[in-house]
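Colleague: I'd like to ask you about the structure that follows.
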Amino acid sequence: MNALKLMLGVWLGFALMSAEAMAECEGRWQLDFVTAAAQIDTNNDGVWIPAHLHLDRGVSTCAKQLIVRQPQGGPLQLQGQGTMANYQMMRANRQQLNHLGRDHHVMSLNGAQQYDLWVYIAQGKLLSPGRYQGMLDVKLAGGKLDQRGWQRHGFDYQVNPFVQVKLAGVQGGWLQPAGTSVRLHLGDLTRRNQRELPVYLESNTMVSMRVSSKNHGALVHVEQSQHQVPYQMLFAGQVIDLASEAQLVIAERAKTGKNVSLVFENQASPYARAGQYEDVVTVSIFAR
């Protein structure tokens, strides 16, 4: 009787150990990309896309490393329509993953069930508008996970057209979408005067400018509107006809920034009635 109890105890102990071994490394895992929560670094136009690695408990006990590679080898790349863009995988602290060999990127794991990462696209804000796709081969290493193959993960990132503008002498950096009013003094209208308004713009696509004059190209006496002084507006040396709304192309993909100038020049009017003259010019700059 005593011998039977001893044999049964040994057999039960072996069965429990076998169940634990079978549970080791079991479970699912997933790498998710949250492109809707992408952040733009205003200092360098880089784009940060958050990503999250989720591990079931069994997998997390074995996983020691996350290994990432480009399916075709080489640097991690986004595929757009007719264009490519490099990107990097970063840790939660925005430090780049370690390299393993030439094409593998590695992050150490410590038994947690969730890890935060980033996709970083240098100057991603300035990419040409359109849809970009990133494809990754991803693998977990450690314990029995070493025997498992690669998983394919992907994400899409939409780049929208944009244009931003600065005016010389205007506080606050980039202008707000609602626009900014600037008063430009031409001086003594009895003589010909010329004033230049420097404009700096940045865009990732074609940029157009629409110009309209309240008084159709004339400075009007603020008290007696029948008195007027003609003037003209020039862009890139070309006279813009303000008799009606004008539209023209300013730049094509000014990704590194472009300086342009709007020039205003009045016609000398020595016999104009004394007083103050003005006009309101509305300049709209937009991405095409």
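The values are calculated or read from the model by the stated rules, or taken from the named source; none is laboratory data. No experiment lies behind these values; they were computed from the predicted model shown. In this analysis, Cβ positions are derived from the backbone assuming ideal geometry, glycine residues included, and neighbour counts consider all displayed protein chains. Surface areas here come from the heavy atoms of the whole protein model, side chains and all, with no ligands, DNA or RNA. Shrake-Rupley method; radii C 1.70, N 1.55, O 1.52, S 1.80 Å.
Colleague: Within the bounds of the stretch 187-194, is there any residue that is outside any loop (DSSP other than H, G, I, E, B) and either touching a residue at least 12 places away in the same chain (Cβ under 8 Å) or not polar (S, T, N, Q) (or both)?
Modeller: Pass one, the stretch 187-194, residues outside any loop (DSSP other than H, G, I, E, B): 194.
From what is left, the residues that are either touching a residue at least 12 places away in the same chain (Cβ under 8 Å) or not polar (S, T, N, Q) (or both) are 194.
For the stretch 187-194, residues outside any loop (DSSP other than H, G, I, E, B) and either touching a residue at least 12 places away in the same chain (Cβ under 8 Å) or not polar (S, T, N, Q) (or both): present.
Colleague: Test Val229 against the criterion of being closer than 19 Å to Arg191 by Cα and of a type in the set (Val, Ile, Thr), and give yes or no.
Modeller: It is true that Val229 is closer than 19 Å to Arg191 by Cα and of a type in the set (Val, Ile, Thr).
Colleague: Can you find a residue in the stretch 153-161 that is aromatic (Phe, Trp, Tyr), in contact (Cβ under 8 Å) with a residue 12 or more places away in the chain and open to solvent by 30 Å² or more (accessible area, probe 1.4 Å)?
Modeller: no
Colleague: Among the residues of the stretch 154-174 satisfying the criterion of being touching a strand residue (DSSP E or B) at 6+ places or on another chain (Cβ under 8 Å), over 30 Å from Gln81 (Cβ atoms) and assigned to a loop (DSSP other than H, G, I, E, B), which is modelled with the highest pLDDT?
Modeller: Gly173
Colleague: Right, His99: open to solvent by 30 Å² or more (accessible area, probe 1.4 Å), at pLDDT 95 or above and either in contact with a His (Cβ under 7 Å, 6 or more places away or on another chain) or over 22 Å from Ile40 (Cβ atoms) (or both) or not?
Modeller: Values: open to solvent by 30 Å² or more (accessible area, probe 1.4 Å): yes; at pLDDT 95 or above: no; either in contact with a His (Cβ under 7 Å, 6 or more places away or on another chain) or over 22 Å from Ile40 (Cβ atoms) (or both): yes.
So His99 fails the test.
Colleague: While we're on this one: Looking at Val68, Val34, which is the one that is among the β-branched types (Val, Ile, Thr), modelled with pLDDT of 95 or more and crowded, with 17+ Cβ neighbours inside 10 Å?
Modeller: Step by step, each of Val68, Val34 is checked, and only Val68 is among the β-branched types (Val, Ile, Thr), modelled with pLDDT of 95 or more and crowded, with 17+ Cβ neighbours inside 10 Å.
Colleague: Find the residue count for the stretch 140-149, including only residues that are open to solvent by 40 Å² or more (accessible area, probe 1.4 Å) and either closer than 15 Å to Phe33 by Cα or in contact (Cβ under 8 Å) with a residue 60 or more places away in the chain (or both).
Modeller: 2
Colleague: Now for a different question. With the requirement that a residue be surrounded by 14 or more Cβ atoms within 10 Å (Cβ to Cβ) and over 22 Å from Val239 (Cβ atoms), what does the stretch 175-189 give you?
Modeller: The answer is Leu175, and nothing else.
Colleague: So, one more: Out of the stretch 119-138, which residues are buried (at least 18 other Cβ atoms within 10 Å of the Cβ) and over 23 Å from Asn204 (Cα atoms)?
Modeller: Across the stretch 119-138, the qualifying residues are Leu136, Asp137, Val138.
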